[in-house]
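Have a look at the structure below, then the notes.
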Amino acid sequence: MAKEQRTIFIIFGGSGDLAHRKLYPALFKLYVKGYLQDHFAVIGTARRPWSHEYFRQTVMESIGADIGDQEKISSFAQHFYYQAHDVNDANHYVALKKLAAQLSQQYQTGANQIFYMAVAPRFFGTVASHINSEGLLTAQGYNRLVIEKPFGRDLKSATELNSSIAATFQENQIYRIDHYLGKEMVQALPLLRFTNPILEAVWNKNYLSNVQITLAETLGVGERAGYYETAGALRDMIQNHALQILGLVAMEKPQEFSSAAVHQEKSRLFAQLPTYSPEQVAVNFVRGQYGADHKGNQLAYRQADNVADDSPIETFVAGKILIDNPRWQGVPFYVRSGKRLCQKTTRIDLVFKTTANKIFSQAQLQEVATQPVILSIFVEPTQGLSLALNGTNPGMALRPFMHTLDFWQSQEEMSNSQEAYEKLLIDIIHGDQTNFTNWQEQEHTWRFIDQIRQYWDQNVPQFPNYYSNSFGPKASNELLARDGNEWVWSNEFGQ
């Protein structure tokens, strides 16, 4: 049984979809495993005039009988309390402070508080300001702030948002959630890189030809169309998820595996992201927007509700990133993310250089060329590793054949593993910021993304430019072909 933790969660937006779909089921799993037992409480706040009883009923429904027996779910829900709340009304914060103090004494939480912003980003600064002015921070215990993305929409807005929060909370109290950093294989990257000498030795420009990071989704924008019209795939997926994965793949080895040391190396890496001219953006980044599928069974993005008929918003991004440092000079990192692609997958493919000094002639190999060695790291929906190596088929002559060394997490192992939000909530309770983003990283990545966004905003794209259920626009393949490369995911299945 895990060691019990004492804390109060104050969730702004406690009646919303994020809280019910992600947070409450994750908190319940912590309850079942013993991280949360008798000494915790959850206060949900929102504008709706709910009672404690009605709120608890919605919490129980969000958990569902499939992850716990009804008696356990019911006892868990008794720790939940609700307060109708207007984020602009100072009196409501005074009432919230009173309720939190009462529950802290009742549940003996040691005055530990976690403020969770499950509301629109435009309210972050307002809520943080009132937390400060109405004295919700406790002198004893800890005070931690959890923020969901989007953290700004460009460098300017992100800087303003950070300043409004920093007036109340210190950087070591702020937890910016990127749920991809809670995924099992993403968290395993430092261990994979730095505890396996066979990999650490070749993780550089001397051996790697290129690195590919793919975040592909089969779903369209659905009910998020209104949000997507203000964001697009570049802001929604590349600025945070894809670049955070790139940071863990490309950063230098930290002095120790601590939050401060990891963030130092990631920030240093992000500071080395390239500065692209408009002409370089045009060459190194491509965008796309999905149309209907070949059969016309799936609607185009522009046919979704709340989407303009001539919308220029991208649902697909592919880009080439060159990092100017001794380890990676000349090695392209290709990132891509798209909706309505033919398969859901998040994966990292490291493509090794073909041997420069080839000792075998094509005649010796019976005219069959050897293939690049590829290490693939599968993040979701399956979890595992695959190393494709050149070998031979049995016979009298050398006949190259690709052999794969595979490791896959079993269904049983995956079902028993912790989901992203569960992992991240444990980290927040423990005060470990390793698997979150800090402001310095955000500053660097927004500066990089802004130069792409600014160029795109000044040029009207020819959309839609890829079918639903495809691998994305042809320009994505051409991006790699100009370097003599090709996407590993697509070549596997045929284009």
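Does Glu265 count as farther than 20 Å from Asp450 by Cβ, in a loop (DSSP other than H, G, I, E, B), at pLDDT 95 or above and not small (Gly, Ala, Ser)? No.
Inspect all residues belonging to region 148-160 and state whether any of them is closer than 24 Å to Asn91 by Cα and either modelled with pLDDT under 95 or not in a helix (DSSP H, G or I) (or both). No, region 148-160 has no match at all.
Counting only strands (runs of 3 or more DSSP E) that sit wholly inside region 31-133, those with at least 2 residues that are over 30 Å from Ala231 (Cβ atoms) are 40-46, 80-84. Taken across region 186-208, residues that are assigned by TED's automatic domain parsing to the domain that holds Val379, in contact (Cβ under 8 Å) with a residue 12 or more places away in the chain and within 27 Å of Asp17 (Cβ to Cβ) do occur, with at least one present. Scanning region 464-481 for residues that are in a loop (DSSP other than H, G, I, E, B), closer than 16 Å to Val335 by Cβ and touching a helix residue (DSSP H, G or I) at 6+ places or on another chain (Cβ under 8 Å) turns up just one, Phe471.
The single condition from (1) in the same structural domain as Phe352 (by TED's automatic domain parsing); (2) closer than 18 Å to His263 by Cα that His430 fails is (1).
Residues in region 414-421: is at least one at pLDDT below 95, part of a strand (DSSP E or B), surrounded by fewer than 16 Cβ atoms within 10 Å (Cβ to Cβ) and not acidic (Asp, Glu)? Checked region 414-421: no residue is at pLDDT below 95, part of a strand (DSSP E or B), surrounded by fewer than 16 Cβ atoms within 10 Å (Cβ to Cβ) and not acidic (Asp, Glu). Within region 283-308, residues that are on the phi > 0 side of the Ramachandran plot reach partners that are surrounded by fewer than 16 Cβ atoms within 10 Å (Cβ to Cβ) and not hydroxyl-bearing (Ser, Thr, Tyr) with beta carbons closer than 7 Å, at six or more positions or on different chains, in the pairs Asn306/Gly226. Apart from one condition, Glu223 fits all of (1) within 21 Å of Glu441 (Cα to Cα); (2) exposed (fewer than 15 other Cβ atoms within 10 Å of the Cβ); the exception is (1). In region 71-85, the condition of being assigned by TED's automatic domain parsing to the domain that holds Asn132, surrounded by 18 or more Cβ atoms within 10 Å (Cβ to Cβ) and farther than 28 Å from Gly135 by Cα is met by at least one residue.
Being of a type in the set (Asp, Glu) and more than 24 Å from the chain's Cα centre (by Cα) is the filter here; which residues of region 188-233 pass it? Once the filter is applied, which keeps residues that are of a type in the set (Asp, Glu) and more than 24 Å from the chain's Cα centre (by Cα), region 188-233 yields only Glu200. If you go through region 293-331 and keep only what is among the basic types (Lys, Arg) and over 24 Å from the mean Cα position of the chain (by Cα), you end up with Lys295, Arg302, Arg327.
In region 81-109, the residues that are closer than 14 Å to His52 by Cβ never reach a residue that is outside any helix (DSSP H, G or I) and basic (Lys, Arg) with C-beta atoms less than 6 angstrom apart, at least six apart or across chains.
Of the residues Asp309, Asp324, Asp305, the single one that is out of contact with any strand residue (DSSP E or B) (no Cβ under 8 Å at 6 or more places or on another chain) and either under 27 Å from Ile213 (Cβ atoms) or surrounded by 23 or more Cβ atoms within 10 Å (Cβ to Cβ) (or both) is Asp324. Of the residues making up region 213-235, those that are assigned to a helix (DSSP H, G or I) and either farther than 16 Å from Lys149 by Cα or not aliphatic (A, V, I, L, M) (or both) number 11.
Going by the conditions given, is Glu229 more than 27 Å from Asn477 (Cβ to Cβ) and either buried (at least 21 other Cβ atoms within 10 Å of the Cβ) or touching a residue at least 24 places away in the same chain (Cβ under 8 Å) (or both)? Spelling it out, Glu229 is indeed more than 27 Å from Asn477 (Cβ to Cβ) and either buried (at least 21 other Cβ atoms within 10 Å of the Cβ) or touching a residue at least 24 places away in the same chain (Cβ under 8 Å) (or both). Of all the numbered requirements in (1) touching a Ser or Thr at 6+ places or on another chain (Cβ under 6 Å); (2) within 19 Å of Tyr93 (Cβ to Cβ); (3) not basic (Lys, Arg), Pro49 misses one, and that requirement is (1). Across region 34-65, the qualifying residues are those that are within 21 Å of Leu425 (Cα to Cα) and exposed (fewer than 14 other Cβ atoms within 10 Å of the Cβ), and the one among them that is modelled with the highest pLDDT is Asp38.
The values are calculated or read from the model by the stated rules, or taken from the named source; none is laboratory data. Please read these numbers as outputs of a predicted model, since none were measured by experiment. Positions of Cβ are backbone-derived with ideal geometry, glycine not excepted, and every protein chain shown enters the neighbour counts.
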